[in-house]
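Before any comments, here is the structure.
The values are calculated or read from the model by the stated rules, or taken from the named source; none is laboratory data. Only a predicted model underlies this, so the values are computations on that prediction, with no experimental measurement involved. In this analysis, Cβ positions are derived from the backbone assuming ideal geometry, glycine residues included, and neighbour counts consider all displayed protein chains.
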Amino acid sequence: MIINPSFVLDMLEKVRPGLQEIARKEADSLLMLKKAHNIESEKLFLWDRSFYLNQQHEADKFDTKLTMEYFELHTVVRNTLSVYETFLGIRFELVDHSRAQQLHGENALHITWHEDVLLFLVWDVKEDGESFLGWLYFDLYSREGKHTHHAAHFGLRKGFERPDGTRSYPASLLVVNQTKNVDSSPSLLTVNQVRSIFHEVGHGMHNLLSKTRFARMHGTKVDRDFVETPSLLFEHFLWKPEILRAVSCHYSHTSRDFQEHWQSAHQNEEFPSKHLSDEVIFAIVSNNESSSALLVLKQLHFALHDFTIHNPPTRDFLEKLDLCEVYNKLWVELLPLSGGEMIGKGFHWGHGGSLVRAYMCGSYDAGYYAYILGRVWALDMFESFFAGDKCMKEAGRRYREMILKPGGSQSEWKTLREYLGREPDPAAYFRWLGLNDK
């Protein structure tokens, strides 16, 4: 999608100054909390961030443990799919045992690779009837030998047109690694884990709703720097108060067993409300960490480190490159958080760069910037067509036809321009970060 490296670096440098300005303010507020703990320090270390961010959430009356009770795993999956159904004009049909027998007879027990795996048939819903689109699998619980990332999407099968004109349908798998319920206890999610599921289902929709002639160009088979854009757009729906409320449901309202489980642990307490309150929803949206300048600046750090090591000016530069030193010096240059260099460790501590699997041993080499620029394009589309009270159903169908359906069968720039009706603009991204004057 991106024509040359200079375009990427120019865009990242445009984002950098404003990000650093806001990140310094965020770091200062965390440093104040650190000082309030009677710790005499003028430095906020990178390992301080998570601890004092949790302290800040507590000060903002953001009770993570209580909030998790409104995000039981199966309820989140069901409610998330319901949101996608409304938005994209589709229907998910859970294949239970009786439906599996109807479809596969004596092979009904073998339609998935494990008894915990859920299978949904995906249907296109139109006024003149429904038509089949593909299969969506959910593998929700951790077990020995399974992929260990919290949430991930795998395109098990791409769609394509056979020589006789019929279609081979796509299949998607969403992997989550939650601990399986013990007795009647629920499997609960943090808000960030809910966001991850929303994001990965977005990848699934890109795979399932694409329609191309060749499998090589189907769905997420787009340029690496565009592949995150559709899912990042879907993420932003979760921060709409009405969507967050619709996805939430206190686990005690979802089954008799869960109700009894809650009552046994909360004797003589008032029964909780079914959905999150407006106050809590406001707190969640206000504390949306994905818009934290410190977090985005960390992504910028990864992107620039990735670009430095994968875009060397000369062979000699590459042979002399010290990966750890480059990583840590760039960290100090970008972020208002101190590291080991401030306690006598120099720039060879931590080896953090070797842990970033996405571009060190994954498929994002020289492409990690997609997580930043992908959100730039996603926010441009979201603000233009989905923010506020705009009709989601009509806008969703248009998004499906113009962004998801083409896959990689045409230039992603062409896809974006035709959908927006203009050149892509980073202004919405700057507003999202609080840089309203950019």
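Which residues, counting only those in segment 401-425, are of a type in the set (Phe, Trp, Tyr) and either modelled with pLDDT of 95 or more or assigned to a loop (DSSP other than H, G, I, E, B) (or both)?
At the first step, the residues of segment 401-425 found to be of a type in the set (Phe, Trp, Tyr) are 413, 419.
TYR419, the sole residue that qualifies.
Check ARG78, ARG99, ARG91 and return the single one that is out of contact with any Lys or Arg (no Cβ under 8 Å at 6 or more places or on another chain), over 25 Å from SER187 (Cβ atoms) and of a type in the set (D, E, K, R). Matching residue, one of ARG78, ARG99, ARG91: ARG91.
Could you please give the count of residues in segment 306-317 that are over 22 Å from HIS348 (Cβ atoms) and without any contact (Cβ under 8 Å) to a residue 40 or more places away in the chain?
Narrowing segment 306-317 to residues over 22 Å from HIS348 (Cβ atoms): 311, 313-315.
Keeping just the survivors that are without any contact (Cβ under 8 Å) to a residue 40 or more places away in the chain gives 313-315.
Residues meeting the conditions: 3.
Every residue, every condition in (1) surrounded by fewer than 16 Cβ atoms within 10 Å (Cβ to Cβ); (2) in contact (Cβ under 8 Å) with a residue 12 or more places away in the chain; (3) more than 26 Å from THR75 (Cα to Cα); (4) among the basic types (Lys, Arg), yes or no:
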position	(1), (2), (3), (4)
ALA283	no, yes, no, no
LEU304	no, yes, yes, no
GLU319	yes, no, yes, no
TRP331	no, yes, yes, no
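Can you confirm whether segment 385-399 contains a residue that is under 23 Å from LYS221 (Cβ atoms), in a loop (DSSP other than H, G, I, E, B) and not hydroxyl-bearing (Ser, Thr, Tyr)? Within segment 385-399 (the criterion being under 23 Å from LYS221 (Cβ atoms), in a loop (DSSP other than H, G, I, E, B) and not hydroxyl-bearing (Ser, Thr, Tyr)), the answer is no, since none of the residues qualifies.
Filter segment 187-236 down to residues that are of a type in the set (D, E, K, R) and part of a loop (DSSP other than H, G, I, E, B) and give me whichever is farthest from the chain's Cα centre (by Cα).
The initial filter retains those residues of segment 187-236 that are of a type in the set (D, E, K, R), namely 195, 200, 211, 213, 216, 221, 223-225, 228, 235.
Subset that is part of a loop (DSSP other than H, G, I, E, B): 211, 213, 221, 223-225, 228.
Working: LYS211: 23, ARG213: 28, LYS221: 18, ASP223: 18, ARG224: 16, ASP225: 15, GLU228: 9 Å.
Result: ARG213.
Does segment 247-254 include one or more residues that are modelled with pLDDT of 95 or more, closer than 30 Å to LYS393 by Cβ and of a type in the set (Phe, Trp, Tyr)? Yes, some residue in segment 247-254 is modelled with pLDDT of 95 or more, closer than 30 Å to LYS393 by Cβ and of a type in the set (Phe, Trp, Tyr). In segment 135-152, the residues that are surrounded by fewer than 15 Cβ atoms within 10 Å (Cβ to Cβ) form Cβ pairs under 9 Å with partners that are assigned to a loop (DSSP other than H, G, I, E, B), at six or more places apart or across chains, as follows: ARG143/HIS114; ARG143/ASP116; ARG143/LYS180; LYS146/HIS114; THR148/SER142. Among the conditions (1) under 15 Å from PHE226 (Cα atoms); (2) touching a residue at least 60 places away in the same chain (Cβ under 8 Å); (3) surrounded by fewer than 22 Cβ atoms within 10 Å (Cβ to Cβ), the only one that ARG397 does not satisfy is (1). For segment 409-438: of the residues being within 21 Å of the chain's Cα centre (by Cα) and of a type in the set (Gly, Ala, Ser), which is surrounded by the most Cβ atoms within 10 Å (Cβ to Cβ)? It comes out as ALA428.
Selection of segment 379-394 for residues being loosely packed, with under 15 Cβ neighbours inside 10 Å and either outside the structural domain of ILE22 (by TED's automatic domain parsing) or of a type in the set (A, V, I, L, M, F, W, C) (or both) yields ALA387, CYS391.
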